[in-house]
Amino acid sequence: MKGSLKLGRIAGINVFVHWTFSLLLLFIIFTNIREGYNAIQVLWSLFFILSIFVTVVLHELGHALTAKKFNINTKDITLLPIGGLARLESIPEKPREEWLVAIAGPLVNLAIAFAVYFFVHIPEPDQMEAFVADGINGQNFLFLFFMVNIWLSIFNLLPVFPMDGGRIFRATLSHFINRVKATKIATRLGQLLALGFVIGGFYVNPFLIFIGLFIMFGAQAELNMVSTRYLLKDSSIGKITMQQYETLKTDDTISVAVQKLLNGTAKSFLVLENEKPIATLNRDAMIKALSESGKDTPIQDIMDTELLSFDANTPIEKVYKSMTEKGQELALIKDSENYIGVVDSENISEYIMVKNAVGGKY
């Protein structure tokens with residue numbers, strides 16, 4: 001993730017912290033000072049927040065290490081102000097595997113809470129307010145740490161995407177109905193609960209509005225991803241390969257590329273050298289170069305040499321995923337050793353729209 005600092009490597013997984021995490025620390029300092037806390041109290045608050053984010057890393061490692069048992073690797077873990085993000089290479093599609101990977105995170109929080117419980121002084125109900133009235137300190141630190149881990153496990157088990165509970169709920173439903181329908185049910189339930197958070201935010205705490213919107217958008221993103229993968233299932237890329245496409249030469253200039261851009265509908269071009277494809281050039285790179293270097297800039301100075309190529313029998317889903325992950329808008333398609341055409345991101349998007357229009361039967 002852009003704007004992240006690498007903290008280290010745990011169990012072969014890189015751990016990063018996003019720059020926005022510093023805003024959370026600054027916010028904690030600001031609110032503590034505004035409440036009149038002294039320097040020691042501020043340090044206790046910062047130490048508490050950092051300890052919570054250590055548990056967040058452990059939570060995400062729970063997901064990652066469980067996924068690894070099913071041969072799914074984790075790209076990295078990133079700490080954000082709202083929690084942690086473990087980027088798995090793929091989401092388990094077998095209900096049992098998804099259920100186990102999803103439940104692993106909350107179980108880590110429960111295990112931490114259980115381990116801390118034996119060292120915690122839990123005040124009587126009538127003493128609770130006084131116990132935490134002066135902020136975080138050496139006396140109540142473990143109690144609050146214990147309670148936060150209990151809360152994190154419960155919160156993450158809510159049956160809404162993108163929380164773990166949403167995946168557990170989806171995995172359970174997938175035993176009885178197909179994955180797309182299960183995702184739709186879990187998504188709609190999540191969005192209904194998220195609406196409750198948003199409404200509650202106007203009366204209880206404005207932060208609930210942020211959580212509600214986060215759930216709404218996260219749930220919809222999950223549904224879109226699953227629906228797209230379903231529509232692309234069992235279709236090979238050769239089916240939508242374009243055999244007529246625009247090309248450029250390495251010794252062409254930006255002005256030539258711009259003219260082709262304006263005269264046609266193509267937004268990405270294949271670049272040839274001695275009639276062999278070696279790179280691509282998209283519209284954004286072209287416009288940027290035109291602005292910064294001028295129309296006489298050679299294509300070879302700005303072309304993208306990371307050229308993706310796939311066999312015609314490759315599933316569209318795999319091509320789409322690879323192009324998305326690598327940020328490529330154009331890929332070569334070959335049959336045996338001969339290139340037969342190209343496919344671009346817009347081409348795949350149009351195919352998804354067609355499949356969607358006819359209920360997936362195309």
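The values are calculated or read from the model by the stated rules, or taken from the named source; none is laboratory data. Computed from a prediction, not measured in an experiment: that's the story for all the values here. Glycine also receives a Cβ, built like all others from the backbone with ideal geometry; neighbour counts cover every protein chain displayed. Remember, those area values only see protein heavy atoms, side chains included, never the ligands or the DNA or RNA. Shrake-Rupley method; radii C 1.70, N 1.55, O 1.52, S 1.80 Å.
The single residue among LYS321, LYS355 that is basic (Lys, Arg), within 28 Å of the chain's Cα centre (by Cα) and open to solvent by less than 20 Å² (accessible area, probe 1.4 Å) turns out to be LYS355. Within the set PHE217, PHE146, the sole residue that is crowded, with 17+ Cβ neighbours inside 10 Å, free of Cβ contacts under 8 Å to residues at least 60 places away in the same chain and in a helix (DSSP H, G or I) turns out to be PHE146.
Against the list (1) in contact (Cβ under 8 Å) with a residue 40 or more places away in the chain; (2) open to solvent by 30 Å² or more (accessible area, probe 1.4 Å), the condition ILE287 fails is (1). Among residues of the stretch 51-74 that are over 14 Å from ILE103 (Cα atoms), those with a Cβ under 9 angstrom from a residue that is part of a helix (DSSP H, G or I) and open to solvent by 70 Å² or more (accessible area, probe 1.4 Å), sequence gap 6+ or separate chain, pair up as THR74/LEU65; THR74/LYS68.
Inside the stretch 26-140, counting only helices (runs of 4 or more DSSP H) that do not spill past its ends, which hold 2 or more residues that are among the hydrophobic types (A, V, I, L, M, F, W, C) and modelled with pLDDT of 85 or more?
On the way: elements: 39-68, 95-117, 128-132.
Output list reads 39-68, 95-117.
Contact map, the stretch 336-351: first residue within 17 Å of SER236 (Cβ to Cβ), second residue modelled with pLDDT under 80 and in a helix (DSSP H, G or I), Cβ cut-off under 9 Å, separation 6 or more or different chains; pairs are ILE348/LEU232; TYR351/LEU231; TYR351/LEU232.
Filtered by the rule that a residue be open to solvent by less than 70 Å² (accessible area, probe 1.4 Å) and under 14 Å from LEU152 (Cβ atoms), the stretch 80-101 gives GLY83, GLY84.
If you go through the stretch 313-362 and pick out every residue that is over 16 Å from TYR245 (Cα atoms) and in contact with a Lys or Arg (Cβ under 7 Å, 6 or more places away or on another chain), you end up with 2.
Only strands (runs of 3 or more DSSP E) whose full extent lies in the stretch 250-323 are considered here, and the ones with at least 1 residues that are of a type in the set (Phe, Trp, Tyr) and under 16 Å from GLY341 (Cα atoms) are 268-273, 308-311. The single residue among VAL180, VAL148 that is more than 21 Å from the chain's Cα centre (by Cα) and aliphatic (A, V, I, L, M) turns out to be VAL148.
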